[in-house]
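Peer 1: Could you have a look at this structure, given as structure tokens, before my questions?
What follows is calculated from the coordinates using simple rules that are stated; it is not laboratory data. A quick note: this is a predicted structure, and the numbers were derived from the prediction, not measured. Methodologically, a virtual Cβ is constructed for each residue, glycine included, from the backbone with ideal geometry; neighbour enumeration extends over all protein chains shown.
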Amino acid sequence: RQKNTLAAISAADTADAVEALRVEALGKQGWISQLLKTLGKMTPEERQEQAPAIQQARAAVADAIADRKQAIDDVELDRKLATETLDLSLPAPATPKGTVHPVSQVMDELAEIFADLGFAVKTGPEVEDDWHNFTALNMDENHPARAMHDTFYFPDRDADDRAMLLRTHTSPVQIRTMMNEGAPLRIIAPGRVYRSDSDATHTPMFHQVEGLVIDKDIHLGHLKWTLETFLKAFFERDDIVLRLRPSYFPFTEPSVEVDVGFAIVKGRRVLGGSGDAPGHAWMELLGSGMVNRRVIEFAGLDPDEWQGFAFGVGVDRLAMLKYGMDDLRAFFDGDIRWLQHYGFSP
Ligand code: PHE
């Protein structure tokens, strides 16, 4: 029977046929398995005599099956290698690539423009405490101006100054930098800020750049010159015209809101020219002012010795104006098609 089985195995030419022979010999009901079972009922002497032959048959059949399976697999592999071909000259499918986001691009542009004016870049934490975000900026606990900011507070909100929140503006970096580095100072502070607000022109997270100059005998003229120089460089136009309007921020005195003149050309806002010129209008662009003496005091400096100006501008707004996007929410959808259209090559 062993001979027949071995012969059948070497004649088998498919994996299925080999498997059927394995079941017939070595499966639960297979003839070799049955023979192995009879060993249990034998006397020790009989067992000693017969066991080697049965074990040898089992090993021979198992080996033959393994060899045959391998041979059949090899043939199959050879056949595949001979008949299947890969065309290595076919172009690879394109993988979609991201781009530099307009917000990152604009922040880089701002850092470069202000570096030319001698400003260093500073950053501060996005998870800020109440004291740096409000109190030190001259908005104490019951100050009505806090209501202008729809603040995201952290849940265990204590009544004290150290309650944590998501910063509502980049102005706390003014305080941190004055405290860490003293005066004089010329810095910008770009970064994310958060307010509970959402529509086509407001997202709960957006970007600002803060500017701060602290030095001696600084006055509004310095502020105006700096903003004009920066906006002309940023928008790459010499005809940028600014209008300074009196306003109110608790941390600046006097406070100045800055408008920029633009024309509507073919349905799009084109910056340049006075907003009072025919076909033109003004658009509010940023908040600024002379740093309030109280703020300089809070930051540990002597306001009789040091003065300065500060401004805060929305980076997303600047990007929209320069590069012509109209829905702010698209900035943060992460849609690769939008990025490929509006983004920049690295
Ligand atoms: N922090 C103000 C805001 O977010 C902007 C500002 C900054 C105004 C600095 C004056 C000076 O609205």
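Peer 1: Please pick out the residue among T151, T123, T95 that is assigned to a loop (DSSP other than H, G, I, E, B), surrounded by 17 or more Cβ atoms within 10 Å (Cβ to Cβ) and under 25 Å from the mean Cα position of the chain (by Cα).
Peer 2: Values: T123 fails: surrounded by 17 or more Cβ atoms within 10 Å (Cβ to Cβ); T95 fails: surrounded by 17 or more Cβ atoms within 10 Å (Cβ to Cβ).
It is T151.
Peer 1: Moving to a separate point now. Across region 44-83, which residue is surrounded by the most Cβ atoms within 10 Å (Cβ to Cβ) among those that are among the β-branched types (V, I, T) and under 17 Å from A20 (Cβ atoms)?
Peer 2: Looking at residues that are among the β-branched types (V, I, T) and under 17 Å from A20 (Cβ atoms), I get V61.
Peer 1: Checking Q174 against (1) outside any strand (DSSP E or B); (2) surrounded by 17 or more Cβ atoms within 10 Å (Cβ to Cβ); (3) under 22 Å from the mean Cα position of the chain (by Cα), only one condition comes out false. Which one?
Peer 2: Result: Q174 passes all but (3).
Peer 1: Working only within region 306-323, note down all residues that are more than 30 Å from the chain's Cα centre (by Cα), of a type in the set (F, W, Y) and in a strand (DSSP E or B).
Peer 2: F309
Peer 1: Now a separate question. Under 6 Å between Cβ atoms, which residue pairs at least 6 apart in sequence (or on different chains) link something in region 75-104 that is among the polar types (S, T, N, Q) with a partner that is part of a loop (DSSP other than H, G, I, E, B) and surrounded by 10 or more Cβ atoms within 10 Å (Cβ to Cβ)?
Peer 2: T99/G343
Peer 1: Working carefully through the options R268, R237, R293, find the one that is away from the ligand (no atom under 14 Å from the Cβ), closer than 17 Å to A183 by Cα, surrounded by fewer than 18 Cβ atoms within 10 Å (Cβ to Cβ) and basic (K, R).
Peer 2: Going through R268, R237, R293 in turn, the sole match is R293.
Peer 1: In the set T168, T203, T151, which member is more than 13 Å from the ligand (Cβ to nearest atom) and among the β-branched types (V, I, T)?
Peer 2: T203 is the lone residue from the list that is more than 13 Å from the ligand (Cβ to nearest atom) and among the β-branched types (V, I, T).
Peer 1: To continue, here is another question. What number goes with the only condition from (1) touching a Lys or Arg at 6+ places or on another chain (Cβ under 7 Å); (2) within 11 Å of the ligand (Cβ to nearest atom); (3) of a type outside the set (A, V, I, L, M, F, W, C) that E210 does not pass?
Peer 2: So E210 meets the others, but not (1).
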